[in-house]
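Here's the structure we're looking at; comments come further down.
The values are calculated or read from the model by the stated rules, or taken from the named source; none is laboratory data. The model shown is predicted, which means the values in this text are computed figures rather than measured ones. In this analysis, Cβ positions are derived from the backbone assuming ideal geometry, glycine residues included, and neighbour counts consider all displayed protein chains. Surface accessibility is based on the protein's heavy atoms, side chains included, excluding ligands, DNA and RNA. Shrake-Rupley method; radii C 1.70, N 1.55, O 1.52, S 1.80 Å.
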Protein chains: 2
Amino acid sequence: MADPTDKMESIINLCKRRGFVFPSSDIYGGFNGFFDYGPLGVELKNNIKQAWWQDFVHRRDDIVGLDSSIIHHPTTWKASGHIDNFTDPLVDCKESKMRYRADQLFFAPVRVAGETIGYVSVLEDDGMQAKAEEMANDMKRKLAKQGALEPIVLKDYTESLPEEHALIPSPATGKPGSLTPPRSFNMMFQTYVGAMQDASATAYLRPETAQGIFINFKNVVDTGRVKLPFGIAQIGKAFRNEINPRNFIFRSREFEQMEIEYFISPSSDWATAHKDWIEGCLAWFESIGIPRAKLSLYPHPTEKLAHYSKGTTDIMFEFPFGVQELQGVAARGDFDLTQHSNVSGQKLDWFDEAAKARYIPHVIEPSVGVDRVFLALLTTAYHEDEVEGEKRVVLRLPARVAPFKAAIFPLVKNKPELVERAEALYRRLKKRHNVFYDAAGAIGRRYRRQDEIGTPFGITIDFETIEKNAGVTVRDRDTLEQVRMTEDEVVRYLDDKVNG
Amino acid sequence: MADPTDKMESIINLCKRRGFVFPSSDIYGGFNGFFDYGPLGVELKNNIKQAWWQDFVHRRDDIVGLDSSIIHHPTTWKASGHIDNFTDPLVDCKESKMRYRADQLFFAPVRVAGETIGYVSVLEDDGMQAKAEEMANDMKRKLAKQGALEPIVLKDYTESLPEEHALIPSPATGKPGSLTPPRSFNMMFQTYVGAMQDASATAYLRPETAQGIFINFKNVVDTGRVKLPFGIAQIGKAFRNEINPRNFIFRSREFEQMEIEYFISPSSDWATAHKDWIEGCLAWFESIGIPRAKLSLYPHPTEKLAHYSKGTTDIMFEFPFGVQELQGVAARGDFDLTQHSNVSGQKLDWFDEAAKARYIPHVIEPSVGVDRVFLALLTTAYHEDEVEGEKRVVLRLPARVAPFKAAIFPLVKNKPELVERAEALYRRLKKRHNVFYDAAGAIGRRYRRQDEIGTPFGITIDFETIEKNAGVTVRDRDTLEQVRMTEDEVVRYLDDKVNG
């Protein structure tokens, strides 16, 4: 399991085998970039969303919730800049019909003793430099060129010159001449609203939940009894027509976001507010079971920021396929509200009673994908170990997010007294939590089936329970310790563990 | 408020004024058929969904959850019949550019003494017969025709003959000649997945969550440890390109469904299962605060059922705009699984261990819209009365679904002891429930602000609390009774009321 590819494979297999995540439309061969959450996955996902909502909305005084529609008035996306700028550079191979993101396709001229003898191309990858050099050496040998091979300097395809397009080989065929020039491809899914199918009816599936917040700023201020600084939080689906969906649920075409727009006064210290949000998000990740050691910060270089952005820091997570963005925390100034105000002609401002002044607030935007948190939790929780000489797969999910909070087992299923007692406890716990009942098979096997899906506690009703009134055993998934307690104690114990 | 139109107006106003529901993209003039749920609306909506999930998934042994993607493989909709049949008949008025559902546009020839002197048309409406007769009389008078007007027999436009299209007047202009023949309009929103925009890339936003369940049947059976009879439940967005969205959130283009497919053996008694589900759904509506007296049953006439359907009963609710469908409970036989099995080539069946036989299960489908339950709850809860001589708007929402469970008030805000005590109780309750704190204004006004948004309990910390250690007062929104209890008692009281 040292190989991260193996770990990803193991997680994807577990997801399918136990009903966490299925490829969408599996019986029709799947549908690239879409996933379905199965009986256990939907519970884990709901628990993540509920924990986030509870911690960032219910338990705070300064954030209110929102649930805007997925399809907005299309002018929203004109104002936000998405119609013009939410694009990826796309390149087609006319021969193989393969499509690439131009910024993930790298090329270089191969020069020997001052003469360009051809081009090589590679797809973005940790080993792409070495691969390109090997290809260049092959080319030199095949063409029997003498002299020194000049250093291979890879550029991405968006930097190619028009006269180079016919010379750069397609990664699919290895032959030049079939790649198109790069073109801008808008990643918003389009549709038509109403009975017409023309430009006047074009609408978009939201590529982010954030704009739904900005266009409701005025309504929330007018009705919500909010006071600056305050935030508006939203959880919901978003859609991006990714050219190259990859890494399981990490980059898919349909995903779910948890976003906050946190509005602050333009005269307040945005850098401190930004830093506080980064710290707050890190703390939240830790609280739900994503360890600090696997998280890191990536502040975007100032020169790469959009003109309106004051700063963006990504919270990165060590996924099996590399260190990748889990959450973005962006300081966006007053760009979005200003844009929507200008385009709609509505005042989207705040009246500051103390300063007796109106202004457009600035905003800090912590934005995180539910599916990425889901995957980060699985990655963290997934372990293989050995228990009583048998290999065990265990998901060490915290009780708050685990699909089942406990499983209740009668030690044997052919002893009515045991079964009745177990069922009674099951019924009692089920009123409060999502718990599972299992009477089938050897107890060790039943434990392991629950370990694999992250159930933190195994509660067994055994002979001592009924014969000696000794209580039930509660087995901890992680420590494997078993403690005896009464049924009343179990109820309180589980409440405490689940609700923290 | 006897006028139902007034009641609807009052509810829509309250929704906007207090942040339950806003028109989508309000600053851009709204977007017909789309709505945004504000800070209070999202809480009510989440509470409805959580109550449903808890009662139908967590507290049962025979139903598991699912969360499938909104965009499926397009073959799903071929197999389900939606591409061919999920259509509304559409008619255009070429002159006014108005669009009508042909089955909501009625017409009749006007015949006097055996001669057809013209046609009248009316839009579907309780008074359409009288209106058509008046128009016919007008026509007879204007054309100065003598003789008896024959009875006006309205038919809908889908029943019109080709030669009649040029004769039937447009409801928009009153003049014949501008209506097109009716055509089938598919209500699924289309989009393109991938970088091509052609037929091969066409995909659809799901018009129902149900098919996502059927296409995952095999995956759930293979992983979910389910045993027939069992159900799969799903909550999620669905989209229908309605020609004529209407009645606020009742019929919108983007909405949210809560659906169950409950699979039973083909040899079991489907009629009993169907009846049990109808009773179960009625009981659930009652449990969340929709009274039985406002609910009625509409069994679809046998001759109107689809060929595969064994029976469909709608649970109707008395909305202010009429008695309309709240929930459908359909017995769909094995149609859907059979279709998907035939088209995918996958076996979607069940192995019955007792009977040693394989078969495709039959299904009962209880399907309800979250937005309709939301509206039914608001309709039921909305009251205007008088308290202490002042008019009061009150939402009598049950504690389980109310956005805020309680509001905590210090009697006055300039007495630090009161404020501290109130804040401490607020913090304590906020860990467990969504509660509100309000220190501003006269206490009566604070109560009324909470009454209007359905907060069931007002908890006041007054002078007796701190001076006589007399506990706090808990005011019941509906009975207006105030009882004193300690803070510890308040915590338990609220837990009991909310969790029932």
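Worth a mention:
- Cβ-vector label at 7 Å, A:Q346, separations to other copies in nm: 4.4
- Relative to the dominant Cα principal axis of chain A, helix A:270-287 is inclined by about 40°.
- Given charges at beta-carbon only (K, R positive; D, E negative), |dipole| of the stretch A:258-395 in Debye: 460 debye
- Each part reduced to its alpha carbon centroid, the stretch B:272-288 and the stretch A:252-279 end up 44 Å apart.
- Greater than 27 Å apart at Cα, pairs in A:K7/A:K413; A:K294/A:K430; A:K45/A:K97; A:K16/A:K45: A:K7/A:K413; A:K294/A:K430; A:K45/A:K97
- A:S68 long-range amide H proximity, modeled H, under 5 Å: B:Y37
- For A:A148, label point 7 Å along C-beta direction: distances to other copies, nm: 11.3
- Computed magnitude of the charge dipole of the stretch A:1-136 (debye, nearest 20; Cβ of K, R +1, Cβ of D, E -1): 440 debye
- FRET efficiency, A:S200 to A:D156 (Cβ-Cβ, R0 30 Å, nearest 0.05): 0.20
- For the stretch A:253-313, carbon and sulfur atoms together expose 55% of the accessible surface, with a 1.4 angstrom probe and every protein chain in place.
- Ellipsoid fit via the Cα gyration tensor, the protein assembly as shown: semi-axes of 45, 42, 34 Å, each the root of five times an eigenvalue, largest first.
- Computed 3J(HN,Hα) for the stretch A:333-343, one whole-Hz value per residue from the Karplus formula 6.51 cos²θ - 1.76 cosθ + 1.60 where θ = phi - 60°, is x, 10, 3, 5, 4, 4, 4, 5, 5, 4, 6, glycine and proline marked x.
- Comment: the Cα-to-Cβ extended label point of B:D478, at 7 Å, lies 4.3 nm from its counterparts in the other copies, nearest first.
- A simple spin-label model places the labels of B:D496 and A:D495 1.3 nm from each other, with each point 7 Å out along Cα-to-Cβ.
- Rounded to the nearest 20 debye, dipole of the stretch A:26-85 from Cβ charges on Lys, Arg, Asp, Glu: 80 debye
- Chain B's nearest residue to the axis relating it to A, judged by Cβ and reported with the distance in whole Å, is B:T191, 2.
- For the stretch B:17-91, the residue among B:F86, B:G41, B:H73 whose Cα projects farthest onto the positive side of the dipole built from Cβ charges is B:G41.
- Mean-position separation - Cα centroids, the stretch B:429-457 and the stretch B:303-362, in angstrom: 45 Å
- Karplus (6.51, -1.76, 1.60) ³J(HN,Hα), θ = phi - 60°, over the stretch B:487-492, in Hz, Gly and Pro reported as x: 4, 4, 5, 4, 4, 5
- One decimal place: the segment B:T479-B:E286 gains 67.5 nm when fully extended, by the rule 0.36 nm per residue minus the C-alpha distance.
- The H on the amide N of A:S24, modeled in the peptide plane, is under 5 Å from the matching H of A:F31, A:F34, A:F35, A:D36, each at least 5 residues off or on a different chain.
- By definition, a body whose alpha carbon gyration tensor gives a ≥ b ≥ c is prolate when a/c is 1.5 or more and a/b is larger than b/c, and the stretch A:346-500 fits this prolate description.
- When you filter the trypsin sites (Lys or Arg not before Pro) in the stretch A:306-398 for DSSP loop state and at most 11 other Cβ atoms inside 10 Å of their Cβ, you are left with A:K356.
- Of the residues B:F107, B:S184, B:G127, the one whose Cα sits farthest toward the positive end of the charge dipole of the stretch B:102-245, with +1 on the Cβ of Lys and Arg and -1 on the Cβ of Asp and Glu, is B:S184.
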